[in-house]
1. Quick one: count up the residues across segment 54-75 that are within 10 Å of the chain's Cα centre (by Cα) and part of a helix (DSSP H, G or I).
2. State whether the residues of segment 45-60 include one that is in contact with a strand residue (DSSP E or B) (Cβ under 9 Å, 6 or more places away or on another chain) and at pLDDT below 95.
3. Give the number of residues within segment 39-67 that are away from the ligand (no atom under 16 Å from the Cβ) and within 18 Å of ASP111 (Cα to Cα).
4. Inside segment 86-102, can you point out the residues that are free of Cβ contacts under 8 Å to residues at least 40 places away in the same chain and among the hydrophobic types (A, V, I, L, M, F, W, C)?
Amino acid sequence: MSEDALVAAAKAARMRAHAPYSQFYVGAAAESTSGEIAVGANMENACYRLGVCAEQSALTAAQQAFGLENVARIAIVGGHRTDTAGGNGAITPCGGCRQAIAEAAGRAKADIAVICCDAAGEAREHYTIAELLPASFSLDPDAAGG
Ligand SMILES: [Zn+2]
């Protein structure tokens, strides 16, 4: 799958976010090593601390669809609900999501590419999870990326 198609999947997921409190809509699309896609969006809750980020939502779907051990890359698109034109700058995963992506990298025994985008998916920054979260916490000392 092309990067543009992966980012488009994240953009479509973003529009299905449930974020009535922050109005900050985020979508994520995880791609497997064989090109399968699992998407997620942030899901807020009136009890704020129960909200779930888009990245972890997508990784949950990925685990069910093709397994965390097969995640090759993840695209993230975000911005205010009304911002579809972009220009807000690329967003990057929060610390907790970096740890969640590192967990998948540990299962995959490979680094994971992280494509960070603005709301339009046009401004992009490219990282790996090892770059975004060096020396991540892991219970598996042999896990790559973790
Ligand atoms: Zn997060």
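1. So the answer is 6.
2. No, segment 45-60 has no match at all.
3. The qualifying residues number 3.
4. ALA90
Condition check ((1) open to solvent by 50 Å² or more (accessible area, probe 1.4 Å); (2) within 15 Å of the ligand (Cβ to nearest atom); (3) of a type outside the set (Gly, Ala, Ser); (4) part of a helix (DSSP H, G or I)) across all residues:
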{"residue": "VAL77", "(1), (2), (3), (4)": "no, yes, yes, no"}
{"residue": "GLY86", "(1), (2), (3), (4)": "no, no, no, no"}
{"residue": "GLY89", "(1), (2), (3), (4)": "no, no, no, no"}
{"residue": "THR92", "(1), (2), (3), (4)": "yes, yes, yes, no"}
{"residue": "ALA100", "(1), (2), (3), (4)": "no, yes, no, yes"}
{"residue": "ALA105", "(1), (2), (3), (4)": "no, no, no, yes"}
{"residue": "ASP111", "(1), (2), (3), (4)": "yes, no, yes, no"}
{"residue": "CYS116", "(1), (2), (3), (4)": "no, yes, yes, no"}
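The values are calculated or read from the model by the stated rules, or taken from the named source; none is laboratory data. Being a predicted model, the structure only gives us computed values, none of them experimental. Methodologically, a virtual Cβ is constructed for each residue, glycine included, from the backbone with ideal geometry; neighbour enumeration extends over all protein chains shown. For the accessible areas, the whole protein counts, side chains as well, though only heavy atoms, and no ligand, DNA or RNA atoms are used. Shrake-Rupley method; radii C 1.70, N 1.55, O 1.52, S 1.80 Å.
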